[in-house]
1. In terms of solvent-accessible area of protein heavy atoms at a 1.4 angstrom probe, what is the ranking of A:140, B:116, highest value first?
2. Mind checking the dipole of region B:16-253: about its Cα centre, +1 per Lys or Arg Cβ, -1 per Asp or Glu Cβ, Debye to the nearest 20?
3. Which of the listed residues, A:171, A:280, A:82, is farthest toward the dipole's positive end in chain A, when Lys, Arg count +1 and Asp, Glu count -1 at the beta-carbon?
4. Over the Cα atoms of region B:257-354, what Rg and Dmax result, in angstrom?
5. I want the antiparallel fraction of DSSP beta bridges within region B:20-151, as a percent rounded to 5.
6. Per the helix-only calculation at 222 nm, which mean residue ellipticity applies to chain A, given -39500 (n - 2.57) for every DSSP H run of n ≥ 4 and division by its residues, nearest 500 deg cm²/dmol?
7. In whole Å, what three semi-axes, largest first, describe the equivalent ellipsoid of the protein assembly as shown built from its Cα gyration tensor (square root of 5 times each eigenvalue)?
8. Antiparallel versus total DSSP beta bridges in the protein assembly as shown: what percent is that, nearest 5?
Protein chains: 2
Amino acid sequence: MSKKHNFGAGPCILPQEVFEEASKAVLDFNGLSILEISHRSEDFVQIMEEAQQLVKDALNVPEGYSVLFLQGGASLGFLISAMNLSGSNKKAAYVNTGAWAKKAIKEGKNADLEVDVIASSEDKNYNYIPKGYSIDESYDFVHFTSNNTIYGTQIKEFPQTSVPKVCDMSSDIFSREINVADFDIIYAGAQKNLGPAGTALFIVKDSILGNSSHSNIPTYLNLKTHQEKGSMFNTPPVFAVYCSMLNLRHLMANGGVAGAAERNKAKAELLYNEIDSNPLFEGTCAVEDRSEMNVTFVLKDDSLNDEFNALWNEAGIVGLKGHRSVGGFRASMYNALKIDSVQHLVNLMKEFATKHAGTPA
Amino acid sequence: MSKKHNFGAGPCILPQEVFEEASKAVLDFNGLSILEISHRSEDFVQIMEEAQQLVKDALNVPEGYSVLFLQGGASLGFLISAMNLSGSNKKAAYVNTGAWAKKAIKEGKNADLEVDVIASSEDKNYNYIPKGYSIDESYDFVHFTSNNTIYGTQIKEFPQTSVPKVCDMSSDIFSREINVADFDIIYAGAQKNLGPAGTALFIVKDSILGNSSHSNIPTYLNLKTHQEKGSMFNTPPVFAVYCSMLNLRHLMANGGVAGAAERNKAKAELLYNEIDSNPLFEGTCAVEDRSEMNVTFVLKDDSLNDEFNALWNEAGIVGLKGHRSVGGFRASMYNALKIDSVQHLVNLMKEFATKHAGTPA
């Protein structure tokens, strides 16, 4: 099978080894299909526990934090994080770095909070990360989106503050080292660097559980519910958790998050260097805020778009079309994407430039 | 591979053909793994649309209803159904037929409704279905649990009323013919007769959407959000929807719901006849309310439990242990369980009775 080069933004590429082991388990996992085992079975309890432990190992999660695999994606996470961190002032700060941050802001309000957008890059179509803003101590929490999949920006350094931090890390968790202790809640839809679509990871500081000022948190939305039941309050998404566990095993066997970070840096450098040196292309974001996960770029002459689209399509690349709100191209380069695929894309860009040498830029 | 006889309550058995096709798709689905395709790809849009259409075909869903595949299971469905059906009186009626009904009642309250339990079988450990109660017209809706997995009871006929009906059909949807037009919302966790754990089906009357009196429905919990986006508001659980589609194809190719109902009736008759004629065993539920999905029974002499447990364990049966709140045994016989497996269990029960002939009952 000649595999395609999957630059899709998500659901996205996972390691081939994960696909192979998951495929086998669908047919036979200790005599049953993984799809028909009880979540209360010894087999699945072990899977859930190993997946939780691997998250702790991969991110050096300190004592006093719990790891949960829930459902509803980051879209429900927006609400869950706001409801659970609702404090005595019922007031939250949000940093607006793109479409997903805006959705988080909306759910902050739906969690009955007064919401202030304390910084925003909406003025320039989110092509940079706001910096230098202050965070008033009266906020119950401050919310970040670490990586902005659509726009190709990434927070390199989180501001220092005594206000509890919560971060949606859907599109860059496990891609670089983070200090979990800096956050009260980290959450992430699985379908980038963790596993297939269908589960959302929460890493939550135990001491915040049960302290929400929200008048009436529904049972499923209360992280305390899930923490008390070891992430087994109701039937978890068994297969998505299983694949996440396989993927985390693969990560740990390949240098852990530090190893992935090194590989991601090399991939990003390779592609950004080409974008910056190729006469036909240019990046769309402030250089210091460029994401290592989602590389957004355009052709300076957009009349060449169709021709370039045809070129990469024919060359076995999928998922390179930019989001409609940015246009151009987006190369999502999650952990499982090999540098060979990036080199393949870079070669095509060079070939395209050679062909159009002399085309006015 | 000598397959086990899977009588598990859920996640549970699905057809072998589904496992085989799903296993292949994890390795290769049009050149990518099904686990790495974008939910916005043409391939997945087709899967989602086919899955929705198959639900409509299987249940003869009338015009004016939408089919949605969400996340969070029935546990989130309790809340979603209550919030979306909250009406001008902010008052709802619930029929309490077991542990899951009780959880639904709790979330009705969390949806800021006044909740009346208008009928209950809690007095007899839920071993029957309450009947003959009246439903006041002032209620915004009345909530039912069609099949009670733990206790082995099933509503055979829903009461006539002008009050909008909502039903959690997690454990018997697609097992028998229903009249969808009788309900404003039907919801069901997938992991019995629909697919693997990880998605929840909603069938919702379009005319109720957007009419909730709830002051502040969060975006994910508003069915209108999902209906407007064709169940693609956020990343759906791609693989769970895909497997559900495969399973529904298999259902339709095997006589549809009518065919499944006939097979389920035969399986239930076979096992209940054995329970009623075997001197060692007895059923735990009122005969007229017995579930065709989950058959609960006990040994009259429970000192024989260990020996019978050893017998079925050694005979390749899994999942027959009764829920702790009922004890004894529970044979879950979802659509995919073959009558041969039921015959195998019946043979063991006969063998056990022969061995203990003369044991005082």
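1. Order by accessible area, largest first: B:116, A:140.
2. 540 debye
3. Of the listed residues, the answer is A:280.
4. Gyration radius and largest Cα-Cα distance of region B:257-354: 12.7, 41 Å.
5. Numbers: 1 of 10 bridges.
Bridges in region B:20-151 that DSSP calls antiparallel: roughly 10 percent.
6. Helix-only estimate at 222 nm: -11000 deg cm²/dmol.
7. 47, 29, 24
8. On the way: 46 of 82 bridges.
Close to 55 percent.
The values are calculated or read from the model by the stated rules, or taken from the named source; none is laboratory data. Owing to the predicted nature of the structure, the values given are computational and were not obtained by experimental measurement. Cβ coordinates were reconstructed from backbone atoms using ideal geometry, including for glycine residues, and neighbour counts include every protein chain displayed. Heads up: the accessible areas ignore ligands, DNA and RNA and are worked out on the full protein's heavy atoms, side chains in. Shrake-Rupley method; radii C 1.70, N 1.55, O 1.52, S 1.80 Å.
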